[in-house]
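Before any comments, here is the structure.
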Amino acid sequence: MTQDQDEIRPTSSPNSPNERIVELANVLYQVLYQRNPEIVEGIEGLIEYFVEEVWKQGFIQQLRMKEDEKTRLADDEIASRVCDIVKDDFLTFSICESENDCLEMCNEITKQWKIFINSNPTSDSDFVINSDSESNSDDDDASYEPGTCALCHRHMPLTFHHLIPKKTHKKVLRKKLFTKTEVNSRGVMICRQCHSACHRLIPHEKMALEYNTLEKLREHEGVARFVDWASKQREYESTHHLKNLRYAK
């Protein structure tokens, strides 16, 4: 392991919630690297995304609480919830071979994170979750059958991406920039990975005003780079379960 691989260096100010996210990313990186260094090399850009998805749910922060506190989840329950969040992506990107393998990895991540935070105590404010963060999802909660992602063109389970994010609806309607029908119906069917990448790369208001069509979304430099990478990754077999994947042609 090289010095660069050995740690993900925090880029935020000391003792900030963002630094804690970077530290959790470092723990995840170390666990993944110990299991398979080759896998880590292919998903380094997604590690922060995985961590942010887990962090914003708020339960992994409970590992710093005393185990006898009534509101605290048990360690195995926290690991199980982490697994529920990341397992689809972990299976898609061949980080894990099965759901059981994913749960085993999440138990190790939970264990190592608990060791880290107990040996690096901090104030409660360092674990505050910013509910207004642009990284929060703007997803449609409905489930859709697998189909062709409008961005990466892989055959994947699809999600409805609002080209005018929900969090901007009141503002754009008040300014009469769009009609109510437009804000509710303008969207595209894309896979979970592309959907999450769009929200991580483009702030909600900028998406509503500047990237509110599929064509404009494809022109975004960061989205274009991610889509180019995602198009070469694994996709779902149309008739098989999640763990049965093949490379996109």
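Tabulated data for the structure shown
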quantity	calculated
Residues (in contact (Cβ under 8 Å) with a residue 40 or more places away in the chain and part of a helix (DSSP H, G or I)) located in the range 210-225	214, 217, 218, 223
Any hit, the range 205-219, residues being modelled with pLDDT under 90, at negative phi and not assigned by TED's automatic domain parsing to the domain that holds residue 97	no
Residues satisfying the stated conditions in the range 165-193, i.e. buried (at least 22 other Cβ atoms within 10 Å of the Cβ), over 20 Å from the mean Cα position of the chain (by Cα) and within 27 Å of residue 85 (Cβ to Cβ)	168
Unmet criterion (only one of (1) under 19 Å from the mean Cα position of the chain (by Cα); (2) modelled with pLDDT of 75 or more) for residue 146	(1)
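The values are calculated or read from the model by the stated rules, or taken from the named source; none is laboratory data. Computed from a predicted model, the values in this text were never measured in an experiment. Neighbour counts are summed over all protein chains in view; Cβ atoms, including those assigned to glycine, are modelled from backbone coordinates with ideal geometry.
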